[in-house]
Amino acid sequence: MPATRLYLFDDRAARRWAPFTLTRPAGELLFGCLSLRARAECVLGLPCAAHLTRTALVGFDEPEAAPAISLDELPEDETRVLLSSRAVLDFQDVVLPETAASLYVDGTAAGWVLPPVAPPPSELWLRDPTAAPTEADAVTLRGSFLEHPWDLVARNEARIAADVPALWPEDSRVDGVFRLGKHAVSLGEGAEIEPGVHLDLRGGPVRLGDGVRVEGPARLVGPLFVGTDSTILGGSVGTSSIGRTCLVRGEVAHSVVLGFVNKAHDGYLGHALVGRWVNLGAFTTNSDLKNNYRPVRMWTPEGEKDTGMLKVGCFLGDHVKTGIGTVLNTGTIVGAGTNLFGGVMPPTVVPPFSWGSGPDLRDHRFDRFLVTAQAAMVRRGRELTPGVEEILRNAWSATAGRRAE
């Protein structure tokens, strides 16, 4: 019996989710309590063998993630389930056919079931599944699509509120903790909450993953997800998803933090989307509301777009570093590998691998960036893998023109 494996693919829209898909597949972004990849694995009951994405990301080999491969590397001797990385599946029982089929989510083409030897979709169809011929069999899955990267922030609270009771229905009781509201608290193995912590459960549940520690005084506001081995050092943290192995202090609200992020000091992070291995210096603060109370417009690779949202904070790519007292304007996008310092507000669009203060930005020399990145990872017991290092090196070269502008 041939194996059945899942493959997530980034379509044309997902490949241009700046600043994140410069350095990682879209399926490895956090949404609610799970990455998009882990959610698809959970609902379909299949391991994700790999991502099909931009050529520049082939070789992505981050630990605990699925690797990125080229379309030519897609095996032929197994049943392959190809699903769009932008598809967010509802929890449901799924029975996939053994024959070729087209997958639909919310009425939109979302992928295929390919039995052994069946030819893979073309690169054109991966970029736009609606252009592919329709298979005789059609499988409709309940769920929805993420259209823009800011949807990960705008829809995140509702996603956490749905995820926690579905994945961890128990309600944990902790001595010495103040609870307000009727929603549940879920504690993973070894999770600890110090006495005196306030849990505001009026708006939604709280899930603290394995090994999470919450130090008092702190106020946690649901819906909230905190991933494995992260530590809340104090402050008000809520209505957010915090990935694994993060240090968080201060005020964090309505945000998504992918993982391995150091925000160990005071400062406001709101309506923000933060990549991996980001370090926010003390009192780093972002604005998330314009003074004229109008919808926020954001830069995208296709040009500036109206988000339709009144509150949008900063979007920080992988390995961004900010110095003490950094302030970021509403809707600021900072590309991967950037180092900002000096306490002067930078432009709202900072090219990847920039280095400097305020508008005075220049190339962040790759050799120096690499030393810093490796040092930061060693502090968390991790190493920069050869595949990710090569992706970062290629990204630095590919974005030189943007920095020159």
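The values are calculated or read from the model by the stated rules, or taken from the named source; none is laboratory data. Please read these numbers as outputs of a predicted model, since none were measured by experiment. Reconstructed Cβ throughout: ideal geometry from the backbone, glycine too, with neighbour counts over all protein chains shown.
Descriptive notes on the structure:
- Residue count, the range 389-405 (criterion: closer than 16 Å to VAL371 by Cα and surrounded by 15 or more Cβ atoms within 10 Å (Cβ to Cβ)): 5
- The set of residues in the range 59-83 that are in contact with a helix residue (DSSP H, G or I) (Cβ under 8 Å, 6 or more places away or on another chain) and in a loop (DSSP other than H, G, I, E, B) comprises GLY59, PHE60, ASP61, GLU62, ALA65, ALA66, PRO67, SER70.
- In the set LEU124, LEU152, LEU167, LEU141, only one residue is over 30 Å from LEU289 (Cβ atoms) and surrounded by 19 or more Cβ atoms within 10 Å (Cβ to Cβ); that residue is LEU141.
- Only one entry in GLY190, GLY107, GLY111 is of a type in the set (Gly, Ala, Ser), in the same structural domain as GLY317 (by TED's automatic domain parsing) and at positive phi, namely GLY190.
- Residues that are hydroxyl-bearing (Ser, Thr, Tyr) and assigned to a loop (DSSP other than H, G, I, E, B), drawn from the range 268-287: THR284, SER287
- Between PHE369, PHE341, the distinction of being at pLDDT 95 or above, surrounded by fewer than 19 Cβ atoms within 10 Å (Cβ to Cβ) and of a type in the set (Phe, Trp, Tyr) belongs to PHE341 only.
- Summed over the range 227-242, residues that are in a strand (DSSP E or B) and surrounded by fewer than 24 Cβ atoms within 10 Å (Cβ to Cβ) total 6.
- Flag if GLU98 is acidic (Asp, Glu) and crowded, with 19+ Cβ neighbours inside 10 Å: no
- Any hit, the range 319-335, residues being more than 21 Å from the chain's Cα centre (by Cα), free of Cβ contacts under 8 Å to residues at least 60 places away in the same chain and more than 28 Å from ASN292 (Cβ to Cβ): yes
- Top-ranked residue in the range 291-301 [being surrounded by 10 or more Cβ atoms within 10 Å (Cβ to Cβ) and out of contact with any strand residue (DSSP E or B) (no Cβ under 9 Å at 6 or more places or on another chain); ranked as modelled with the lowest pLDDT]: PRO301
- Checked against the criterion of being of a type in the set (Lys, Arg), within 30 Å of GLY308 (Cβ to Cβ) and assigned by TED's automatic domain parsing to the domain that holds GLU194, the candidates ARG86, ARG159, ARG173 yield just one match: ARG159.
- The set of residues in the range 254-267 that are buried (at least 20 other Cβ atoms within 10 Å of the Cβ), assigned to a strand (DSSP E or B) and over 14 Å from the mean Cα position of the chain (by Cα) contains only LYS263.
- For GLU41, the criteria (1) in contact with a strand residue (DSSP E or B) (Cβ under 9 Å, 6 or more places away or on another chain); (2) farther than 24 Å from PHE20 by Cα; (3) of a type in the set (D, E, K, R); (4) in a helix (DSSP H, G or I) hold in every case but one, which is (2).
- Selection status of ALA376, modelled with pLDDT of 95 or more and in contact with a His (Cβ under 8 Å, 6 or more places away or on another chain): yes
- Of the residues making up the range 44-58, those that are surrounded by fewer than 24 Cβ atoms within 10 Å (Cβ to Cβ), part of a loop (DSSP other than H, G, I, E, B) and not small (Gly, Ala, Ser) are LEU46, PRO47, ARG54, VAL58.
- Selection within the range 137-181 - of a type in the set (A, V, I, L, M) and either touching a helix residue (DSSP H, G or I) at 6+ places or on another chain (Cβ under 7 Å) or closer than 23 Å to HIS271 by Cα (or both): LEU146, LEU152, VAL153, ALA154, ALA158, ILE160, ALA161, ALA162, VAL164
- Residue match in the range 206-221 (condition: surrounded by 22 or more Cβ atoms within 10 Å (Cβ to Cβ), among the hydrophobic types (A, V, I, L, M, F, W, C) and touching a Pro at 6+ places or on another chain (Cβ under 8 Å)): yes
- Residues of the range 106-157 that are free of Cβ contacts under 8 Å to residues at least 60 places away in the same chain and part of a helix (DSSP H, G or I): GLU123, LEU124, TRP125, THR130, ALA131, ASP151.
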